[in-house]
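Novice: First the structure, which I've put down as structure tokens, then a few questions once you've had a look.
The values are calculated or read from the model by the stated rules, or taken from the named source; none is laboratory data. Because the structure is a prediction, the values reported are computed rather than measured. A quick note on method: Cβ atoms are made from the backbone with ideal geometry, for glycine too, and the neighbour counts reach across all protein chains shown. Areas reflect the complete protein model, heavy atoms only, side chains present, ligands, DNA and RNA absent. Shrake-Rupley method; radii C 1.70, N 1.55, O 1.52, S 1.80 Å.
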Amino acid sequence: MSSPSPLQSAMLMGSPCFPNAIAWSQDNLIAVASGNLVTILRPDLPNGPRGLIKVLPREPLIVGFVHRKDVVSGCLMPTSLYRDDKPVVQSISWSPLGMAANSGCLLAVCTSEGHVKVYRPPFCDFCADWIEVVDITERLFEYLQCTEFKGVGVPSSDFSEVPSIRPCLQKNALAQANSITPNDELLEEVPENQLSPLISADEYAFRSAMLYSLVVSWSPLLRVASEFYPDPNTSASVSLLAVGGKSGKISFWRFYQPDCYTIEESKTPTAVKFVGFLQAHDSWITTMSWLLFAFDSSIPLIILATGSSDGSVKVWLGDNDKLLKSSEVDQTSFLLLNEVITVNAVPVSVLSVTVHVQYPSKMLLAIGKGSGSIEIWLCDISSREFDKLGSYDAHYYAVTGLAWAFGGRFLCSCSQDNLLRGWILHERRLEEMTTFSEMPRSNDSTGPSRDAFDSCFGVAVSPGNLVVATVHCFDVVKLNRMYEGRILRAAIEYLWIGGLQVDVWLKSPSPCYIEELPSFPEKELTYWAANIIWSLNQYQCLDKPLVFWDIIAALLAFKDNKSKYVEYLVIKWLSLSYLGSRTNLPPEEVLSRVISRLSDVPSRLLHLLNIMCRRVMLAHLDADQITTINSKDHNLEGVCPVIEEQMSNWIKILLGSERELRERHVGFSFSAVKTTKSHLKAPPSQPGHWYPVGLAQMEQWVALNKEQIREQLKLIASKVTHGKRFATKRCSAVESCCYCSASVPFESPEFGFCQSKKRSNDNVKPHKLSRCAVCMEVCPSSPLWFCVCCHRSVFRLAPEPLFRMSSFCLDSDSSNRTSSDAVSSKPLCPFCGILLQRKQPDFLLSPAPV
């Protein structure tokens with residue numbers, strides 16, 4: 001299979017030891033469980049800055065004491081013989097986007113000691129080490145102590161407010177004692193008044209199993225109706241962290257999305273509550289996978305698939321009320337839908353679930369086993385019918401990774417046998433595609449050859465579904481002993497899958513485009529076009545974060561060949577998504593129609609269009625050049641003298657789309673002024689609620705652009721401008737420089753120049769000050785939100801309804817109601833729709849969504 005230029009591999013200094021050792025986050029970061037480290041990096045910078053989480057040995061938790069003679073009993077033999085003083089990472093899982101204080105992703109880490117912690121990115125700490133926010137095992141231990149390891153009896157609300165309830169027994173004499181005490185002399189050293197009663201060996205083993213975690217998994221983002229908030233300070237969205245252990249039980253932890261986000265506060269608390277237990281299996285929990293069914297938006301279904309070392313696989317349906325709204329610990333939060341596989345001798349190693357692309361009420365379940373076989377099941381959740389589609393002897397050793405792509409039409413599997421296989425789902429059967437060994441690899445001569453790979457420990461699919469990432473261990477014997485063998489232990493390998501034949505509905509590209517790409521067969525160019533357009537269309541869903549680095553990387557790789565194939569593909573996407581036309585219209589006509597219909601295009605599609613223009617079609621122009629073109633009123637020759645006519649059309653589309661988005665925000669703000677009486681008196685005290693600011697700057701922007709903006713906006717602006725309420729805020733039109741206190745007149749919505757040049761000191765040059773992309777006020781000198789796509793800065797977040805607008809409309813009652821009680825969105829760029837972040841130095845890791 002042909003593909004764009006291969007992606008460069010990333011070298012690791014630790015070896016993965018457990019399945020699912022690699023995970024791809026929603027903000028385009030890759031985490032790998034590599035020995036005693038979790039290595040976090042960007043896929044586009046394999047040799048760039050990295051984040052690290054170090055796993056260190058910890059003091060054992062004191063779960064009780066047994067008599068010396070019980071130490072050698074069968075149930076305690078594994079514990080008494082345990083000598084591993086170098087724990088490694090056993091399981092990792094990314095949270096949904098928006099759970100961290102900066103709106104990024106949290107990372108849950110489970111170690112081989114059974115300890116689980118949750119970490120956040122160091123967005124304001126200026127370090128490579130990620131920051132611990134919650135110790136799940138400590139929280140669970142404190143809860144079990146309250147219930148005397150019965151697992152029931154303490155309200156979650158009461159438990160979550162207790163910072164530490166560990167008895168003084170553990171803080172004093174027994175702080176350095178082993179949890180099993182085989183030496184009678186040690187008992188004699190402990191004061192009698194600090195000794196706990198002895199427990200039986202079976203009780204000790206039971207308590208240890210309750211605390212020993214094996215696997216972690218985050219649920220998708222789940223929304224809670226406002227009338228069911230447990231308290232007024234919690235947010236409307238939560239995510240559940242499932243922690244499976246040796247006891248066969250799963251503990252559930254409800255993490256609340258922050259009410260407001262920050263890039264300055266490093267000690268923002270993370271709101272988390274213990275939900276309860278689920279006795280899922282009678283043996284170890286080895287793998288879990290979540291799925292959210294939203295085919296009925298009023299009642300979304302929460303599905304959890306679990307696998308065990310006893311070979312059984314079960315599918316559970318969550319109780320929304322108990323999982324999302326209850327403040328009490330509950331043991332009946334899940335209902336067993338079906339035991340897909342009963343207990344047998346072959347343990348289950350990995351699971352992967354996804355919604356069937358053609359049947360929104362059906363789930364595809366892939367099961368990987370220790371024997372190397374794979375089973376595929378089709379589950380109809382509405383009727384609770386489970387059909388086995390087939391069993392395949394895919395590998396020689398244990399399956400260590402499974403990942404669905406393209407809406408369940410493609411499955412990727414890997415194993416300890418170092419094989420990576422791809423499978424196409426046709427109707428009700430899997431067909432193996434060309435092996436990945438025949439796909440082009442990176443020709444990077446600085447790294448070891450892939451012949452040195454010894455085993456594979458996980459596979460992950462990129463957010464745009466065009467790339468798979470796998471992590472391989474090296475056979476150290478095959479490495480150079482002097483150099484590579486000293487430090488290299490594993491590598492991340494990236495492979496393109498965008499050229500797969502998963503759904504052919506496009507016609508072949510024009511022959512002229514095919515001739516320009518002789519290394520690509522005609523049918524594969526058709527497959528690439530169909531898959532890229534399918535991936536782009538998935539982002540029309542408002543709940544899917546705009547992260548499609550892989551799509552842009554593929555398009556730029558094709559564009560490097562001086563081919564017009566990329567232009568053909570983007571024009572085809574515009575024709576289908578914006579015009580609803582499947583006919584092959586001329587490119588000039590498509591662009592002309594898109595420009596004339598911008599006011600009827602949803603905001604999400606305008607964000608997609610802006611990103612495609614900036615990052616693909618106008619990739620040769622940087623953000624400053626485009627800003628200069630905009631400030632010169634489309635005077636292209638003054639910025640870039642040699643520019644093709646076709647590029648001029650793309651610039652006009654970009655500037656027109658951004659103007660449309662700005663008009664929507666200005667109109668929305670004026671509409672809020674018109675419908676709300678109290679917001680101008682004082683900002684609301686409730687965090688997370690939006691109120692319009694920068695009204696004076698918006699008024700001046702409307703005055704400067706009277707000839708370009710629509711009449712509807714002029715009308716509402718005039719009503720607000722001449723109103724008495726707005727007159728009270730006229731003073732906000734006067735802005736001053738944060739460096740010299742000189743006045744800053746409003747001349748452009750992008751930046752401003754202070755008037756320091758008019759002072760007596762002729763050597764003082766005016767300061768160029770950035771303006772907020774949302775409110776158009778001059779940005780302060782404090783840390784700002786930054787967009788990596790358009791390079792704009794923000795310090796006032798935009799309202800959430802702005803990103804959900806289907807068109808420009810300000811007169812409807814629904815629009816007025818929406819503006820009057822709007823809340824701030826996640827920190828999203830109002831022009832690109834991608835996640836904003838704090839700008840980091842080049843030597844520190846930061847996400848790159850596009």
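Novice: So, for segment 54-130, what is the accessible surface per residue at a probe of 1.4 Å, expressed in square angstrom?
Specialist: Ligands and nucleic acids excluded, the result is 40 Å² per residue.
Novice: With the cut-off at 32 Å, tell me which of the pairs 249/478; 150/325; 314/826; 86/325 have Cα atoms farther apart than that.
Specialist: As for pairs spanning more than 32 Å Cα to Cα, those are 249/478; 314/826; 86/325.
Novice: Given points 7 Å out from each Cα along the Cα-Cβ axis, report the residue 631 to residue 299 separation in nanometres with one decimal.
Specialist: 5.7 nm
Novice: Sticking with the crude label model, points 7 Å out along Cα→Cβ, report the distance from residue 283 to residue 582 in nm, one decimal please.
Specialist: 5.0 nm
Novice: Given a Förster radius of 51 Å and the C-beta distance between residue 596 and residue 321 as r, what FRET efficiency does 1/(1 + (r/R0)^6) yield to the nearest 0.05?
Specialist: 0.55
Novice: Here's something else I'd like to know. Quickly rank 269-278, 207-216, 29-38 as a protection proxy: mean count of other C-beta atoms within 10 Å, highest first.
Specialist: 29-38, 207-216, 269-278
Novice: Based on the alpha-carbon gyration tensor of segment 238-312 and its eigenvalue square roots a ≥ b ≥ c, which shape applies: rounded if a/c is under 1.5, prolate if not and a/b is larger than b/c, or oblate?
Specialist: oblate
Novice: Now for a different question. Using a basic spin-label model with each label point 7 Å from the Cα along Cα→Cβ, how many nm lie between residue 589 and residue 451?
Specialist: 5.6 nm
Novice: Right, next: So how do 456-469, 56-69 stack up, highest first, on mean other-Cβ count within 10 Å?
Specialist: Listed from highest to lowest mean packing, they are 456-469, 56-69.
Novice: In whole percent, and with a 1.4 Å probe on the protein chains, what portion of the accessible area of segment 34-125 is carbon and sulfur?
Specialist: Whole-percent figure for carbon plus sulfur exposure: 55.
Novice: Assuming 0.36 nm per residue, please report the length gained on full extension of the stretch residue 397 to residue 503 beyond their Cα-Cα distance.
Specialist: 35.0 nm
Novice: Compute the Cα gyration tensor for segment 1-128, then decide on rounded, prolate or oblate, letting a ≥ b ≥ c be the square roots of its eigenvalues: rounded whenever a/c is under 1.5, prolate when a/b is larger than b/c in the other cases, and oblate in all that remain.
Specialist: prolate
Novice: Next question, about the same structure. Let's test the formula: R0 of 41 Å, r as the Cβ-Cβ distance of residue 336 and residue 647. What FRET efficiency results, to the nearest 0.05? Numbers along the way, then the final one.
Specialist: Values: r = 59 Å, r/R0 = 1.44.
Efficiency at R0 = 41 Å is approximately 0.10.
Novice: Counting only protein heavy atoms and using a 1.4 Å probe, what share of the accessible area of segment 445-496 belongs to carbon plus sulfur, as a whole percent? Intermediate values should be presented prior to the final figure.
Specialist: Numbers: 1040 of 2120 Å².
C and S fraction of accessible area: 49 percent.
Novice: FRET efficiency for residue 388 and residue 540, Cβ-Cβ distance as r, R0 = 30 Å, nearest 0.05?
Specialist: Taking R0 as 30 Å, the efficiency between residue 388 and residue 540 is 0.35.
Novice: Extension gain residue 129-residue 84, at 0.36 nm per residue separation less the Cα-Cα distance, in nm?
Specialist: 13.8 nm
Novice: For residue 781 and residue 58, compute 0.36 nm times the residue count separating them, minus their Cα-Cα distance, and round to one decimal in nm. Intermediate results must be reported in sequence, preceding the final value.
Specialist: Numbers: separation 723, 0.36 × 723 = 260.28 nm, distance 4.23 nm.
Gain on stretching residue 781 to residue 58: 256.1 nm.
Novice: Continuing with the same structure: Between beta-carbons, use under 15 Å as the cut-off and find the net charge around residue 13, counting Lys and Arg +1, Asp and Glu -1.
Specialist: +4
Novice: Now for a different question. At what distance in angstrom do the alpha carbon centres of segment 446-498 and segment 90-145 lie from each other?
Specialist: 26 Å
Novice: Measure off, as a whole percent, the carbon and sulfur share of the 1.4 Å-probe accessible area of segment 198-357, all protein chains present.
Specialist: Details: 3170 of 6020 Å².
Using a 1.4 Å probe with all protein chains present, segment 198-357 comes out at 53 percent carbon and sulfur.
Novice: In addition: Using a cut-off of 9 Å between beta-carbons, work out the net charge of the residues near residue 845 (Lys and Arg +1, Asp and Glu -1, residue 845 not included).
Specialist: Around residue 845, the charge tally is +2.
Novice: Ok, one more. Mind ranking 322-334, 827-839 by how tightly packed they are, going by the mean number of other C-beta atoms within 10 angstrom, highest first? Intermediate values should be presented prior to the final figure.
Specialist: Details: 322-334: 18.3, 827-839: 24.2.
In decreasing order of mean packing, 322-334, 827-839 become 827-839, 322-334.
Novice: For segment 544-590, rounded, prolate or oblate, judged on the Cα gyration tensor with a ≥ b ≥ c (square roots of eigenvalues), a/c < 1.5 rounded, else prolate if a/b > b/c?
Specialist: Verdict is oblate for segment 544-590.
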